[in-house]
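Written below as structure tokens is the structure these notes are about.
The values are calculated or read from the model by the stated rules, or taken from the named source; none is laboratory data. Please read all numbers here as calculations on a predicted model, not as lab measurements. Here the Cβ is made from the backbone with ideal geometry for all residues, glycine too, and neighbour counts use every protein chain on show. Side chains are part of the model used for accessible areas, which takes the heavy atoms of the whole protein and leaves out ligands, DNA and RNA. Shrake-Rupley method; radii C 1.70, N 1.55, O 1.52, S 1.80 Å.
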Amino acid sequence: MVIWPQAEAARVSEEWPHSLEADTDQTEPLAVVINRMNSVTNLSFDELHRIFLGSRVHWSDGRRITLVMRDPGEPERKTILHDVCGMNENQFKIHFVQGLFTGEILVSPKILSTPAGVRKFIFNVPGAIGYLRLSEVDDSVKVVLIDELSPDDRRYRLRMPLPSVKSE
Amino acid sequence: MCCSALSAQQASAVDKATLQLLLAKIDQLESRVSELEGHRQEACGYNVAALSVAASPVAMKTRSTLALPEPARVADAPSQAAPTTASGTEQTQVDNGMNDRMDLSKTLLRIRGFADISLHGGTQQGDKTSFSLGQLDLFVTSDISDKYSFLGELVFEAGPDNIYGVNVGTANSFDIDIERYLLQYSANDYFNLSVGRGHTAIGYYNTAYHHSTWLQTTTDRPYLFQFEDRGGILPTHTVGAHAYGMLPSGRLGLHYVAEIGNGREAQSPLTQEPVQNDFDDSNHKAYNLALFARPESLRGFQTGFSLYRDMLNPTNMPKVSETIAAAHAIFIRPKFEWLNEVVLDRHVPVGISKVFDTPGFYSQISKQFRAYRPYLRYEYMNAPNNEPIFPAVGLRHGPLAGIRYDANESVAFKFQYDYTFLRNQPGINELTTQVGFTF
């Protein structure tokens, strides 16, 4: 029932900068956002890992988790794949194919192409969870703490390059 | 003086004309923007202007505090991105998935296909080097509701079945098998229930890999976990009910599976479908209990065991009690895998003191180097000669080595060499080239 992928196409272009945590001036927090009606306020990094890999599929109230991802290639998605899932794009896809195949993962992630789309979807779907650059967050969604840290805390682990210094 | 006054008047007139022109242009552009926004609202069904305000740099700057999870703040948060058709937050927060489910113009089915084609040759008597069409596997899922889903696997496969060493059917013809057919109910992470036909949770391999060779590292399953209609000794499929989920165990990550079903067919001679899809040959039901751990401190590691019990009813023989104990320890990371499993299949004819034990194990290791993944496996299975249920299986063990090349994210090529030792027979050398893909 473990559903790690066999295949990997580890290409240099898919690699992601590793030293983002240390350089907070050049980075922006990536906020994990959920529906405002969701009572969850904090998630551990391990919980986040399980949620984004589909091995945890329900919130504590029994509602099904709907995972929202940005389009492949978007820097926000790369950050989640690298920092939370520990995978590249190809591994993530195969992971979900195999998870769906074993029946362990119930549904594929919802793919949305814009921050506004992410906000709107999460606003409308009570069980949804996704991510946004901190500057793209508004009051229509709720930001969860990660390991009791808010995104504006310097120790917050999910960070990504500012758009102006975005790596190729 | 006159000249300068005249030129000033002329300049003023030009400025006014330019201003009028610019104002007219602005009016045109504004009306065009309004028109485009109107089209976009019709297409998207929500208020673009509201979202534009929410996402604009000015709006971002004014949001000095985040929508952090403070209950009062969350309750008071304005719904700038709310659909304009909504009258209130509660009413607007409907599940989009539910909308999809209620839309009769859409199908709920999602279909993914898997297939493989092989070139195989070996030294076994009667074996001819052949191209072979592997299983064409249509994997179907449907998200019926928030709690219910359907999972099905329809397989088209060529060639005769091989039930415990007995060939059934004709060569080169295609058969269609419904390999999985499950209605799943998912209450929470701790309790899930599925009914129908699925794979038994005996060991690890049978739960992780189903009928797609593309998902597997090697060209085929270990002997031990070969399907019933391909010569396997384990009841890899069952028709019944399966409960599974997590156990509250913190970072230990304990999971359970409890299954009850028809068990396997045990008629003699074994020339019928081994899985009792439609009716059971006895009132006794097979059951299986499995427990495994996925500790968070060691991601990719899983260890566990399972115990399966059934009572078989071969004709012209006493009933046979079947107990299958399995244990596994596996470690899988994206670039590395190490699978180890051991199984003991015990048959005890009722009223006879003799016990027939068939032990088996395999160990498989592979490491990925870019798109290449070399692998090794050693497997062993030893059924007694006078085994009452599968007398033709006997002893077989040996190594295999191969390499898998992932040409892209959907196509994998494999090249594999097997050597198999058999009891009282010459060993078998086999070479297989396979292309497996998903579509």
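Computed quantities for the displayed model
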item: For residues of B:184-192, the mean tally of beta carbons on other chains within 10 Å; result: 4
item: Length gained when the stretch B:Ala158-B:Phe191 is fully extended (0.36 nm per residue, less Cα-Cα span); result: 8.1 nm
item: Distance in nm between pseudo-label sites at B:Ala243 and A:Ile111 (7 Å out along the Cβ direction from Cα); result: 3.9
item: Electrostatic dipole magnitude of region B:261-412 [Cβ: Lys, Arg +1; Asp, Glu -1; Cα centre; debye, to 20]; result: 740
item: Per-peptide average of other Cβ atoms within 10 Å, ordering A:42-51, A:118-127 highest first; result: A:118-127, A:42-51
item: Stretch gain in nm, segment B:Leu29-B:Lys319, where the contour uses 0.36 nm per residue and the Cα spacing is subtracted; result: 95.7 nm
item: Shape of region A:26-161, Cα gyration tensor, a/c cut at 1.5; result: rounded
item: Alpha-carbon centroids, region B:126-160 and region B:375-399: separation in whole Å; result: 26
item: B:Phe174 versus B:Thr129: modelled label distance in nm, points set 7 Å from Cα along the beta carbon direction; result: 2.7
item: Solvent-accessible area buried by B and A, counting both chains, probe 1.4 angstrom, square angstrom; result: 5900
item: Residue mean of other protein chain beta carbons inside 10 Å, A:132-142; result: 6
item: Separation between Cα centres of region B:276-299 and region B:301-370, rounded to whole Å; result: 12
item: Positive-end residue of A:Ile80, A:Val144, A:Val97, charge dipole of region A:26-161 with Cβ unit charges; result: A:Val97
item: Net charge dipole size for region A:26-161 [Lys, Arg +1 and Asp, Glu -1 on Cβ; Debye, nearest 20]; result: 260
item: Total lysine pairs under 16 Å (Cα atoms) in region A:26-161, excluding pairs fewer than 8 apart on one chain; result: 5
